[in-house]
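Where a number appears in this text, it was derived from the coordinates with a stated rule and is not lab data. Keep in mind the model is a prediction, meaning the values are calculated, not measured. Don't worry about glycine lacking a Cβ; one is built from the backbone with ideal geometry, like all the others, and counts go over all protein chains shown.
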Number of protein chains: 2
Amino acid sequence: MNADALRGHLDALLLSVLEHEPRHGYAIIEALRDRSGGVLDLPTGTIYPALRRLERAGFLASEWATVGGRRRRTYRLTGAGRAELAGERSAWTSFTSVIGSVLNPSR
Amino acid sequence: MNADALRGHLDALLLSVLEHEPRHGYAIIEALRDRSGGVLDLPTGTIYPALRRLERAGFLASEWATVGGRRRRTYRLTGAGRAELAGERSAWTSFTSVIGSVLNPSR
DNA sequence: GTCTACATGTAGGCTCTCTATATGTAGCCA
DNA sequence: TGGCTACATATAGAGAGCCTACATGTAGAC
């Protein structure tokens, strides 16, 4: 998976993974790996800054917890985050449609 | 269309538009606009550097022509460019599949 | 006591796309 | 003649985001 290809789509992935349950960073990385069949194995240097960016934007909220002696910062979707996710899903659909129509024009 | 979303996919678009006929930069911009139904209206500052980059990479070759008193640099796909296009198409398919499976998991 | 898994974080680099600007021709219209 | 629009190419610099590399620490297995 080329790094640039992901650009601009990571936010949607993160919001999507947090849609039904809050998760901490490490668990998010695992969830992305699972859902993608092992293809998406994103480095911490990508995930953690992105989560902070999304929180700063108001799409996520976080709180600290300690589980088994380890500190976790657990993120959950805010209302704005849910709206953003809906927008991202719709943007993804039209994006694939547009690129697809250029890449494989039907005529 | 968000600028970041395009990242890493522009090369595929350019190669695709040049697949069946050589074109010069200005005509490539028009072709992209047409094929995308007007959504993709890319600035010259995006297209021209990208074309040079693809030529430097060996995927395109160019030659100058003068038509109606105006100078054009016409680009065509090289053999390596055709191979690259095939790879990009396949990468696009798996990319959409992966992102799609994360965004809308079936379970 | 060492190794792996779990867990979070930052600094700096790299690359690509966009904005803004520059230059020039051809044709239309007033 | 002068101005406007379409045609045509090009570059400098900005901005943004993802990655690499590094730093730090706990828990449990062997």
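Counting only alpha carbon atoms, the long axis of helix B:44-56 and the longest principal axis of chain B meet at about 90°. Given the rotation relating A and B, tell me which residue in A puts its Cβ closest to the axis and the distance in Å. Residue and rounded Å distance to the axis: A:Arg7, 2. Extension gain for A:Ala57-A:Asn2 works out to 17.2 nm (0.36 nm per residue, less the C-alpha to C-alpha distance). Taking a Cβ cut-off of under 13 Å around A:Ala27, the surrounding Lys, Arg, Asp and Glu residues balance to a net charge of +4, with basic ones at +1 and acidic ones at -1. Rounded to the nearest 10 degrees, the angle from helix B:79-103 to the longest Cα principal axis of chain B is 30 degrees.
For the range A:1-45, the Kirkwood estimate of the hydrodynamic radius, built from every pair of different alpha carbons, is 10.9 Å.
Please give the calculated 222 nm ellipticity per residue for chain B, where each DSSP H segment of at least 4 residues contributes -39500 (n - 2.57) and the sum is spread over every residue; nearest 500 deg cm²/dmol?
Rounded to the nearest 500, it is -18000 deg cm²/dmol.
Under the √(5λ) rule applied to the eigenvalues of the Cα gyration tensor, what semi-axes describe the equivalent ellipsoid of the protein assembly as shown? Give them in Å, descending. Intermediate values should be presented prior to the final figure.
On the way: eigenvalues 320, 54, 45 Å².
Over the Cα atoms of the protein assembly as shown, the semi-axes work out to 40, 16, 15 Å.
So how far, in whole Å, is the C-alpha centre of the range A:7-30 from the one of the range B:48-79? The two parts, judged by their Cα centres, are 42 Å apart. The other copies place their B:Arg52 label points at 3.6 nm from this one, listed shortest first, where each point is 7 Å from Cα along Cα→Cβ. Position A:Arg89: other-copy label points at 3.1 nm, ordered by increasing distance, label point 7 Å along Cα→C-beta.
log10 I(q)/I(0), Debye, Cα-only chain A, no solvent, q = 0.11, 0.22, 0.23 Å⁻¹? For chain A at q = 0.11, 0.22, 0.23 Å⁻¹, log10 I(q)/I(0) is -0.39, -1.27, -1.35. Remark: label point of A:Arg33 defined 7 Å out from Cα along the Cα-Cβ vector; separations to the same position in other copies 4.7 nm, ascending.
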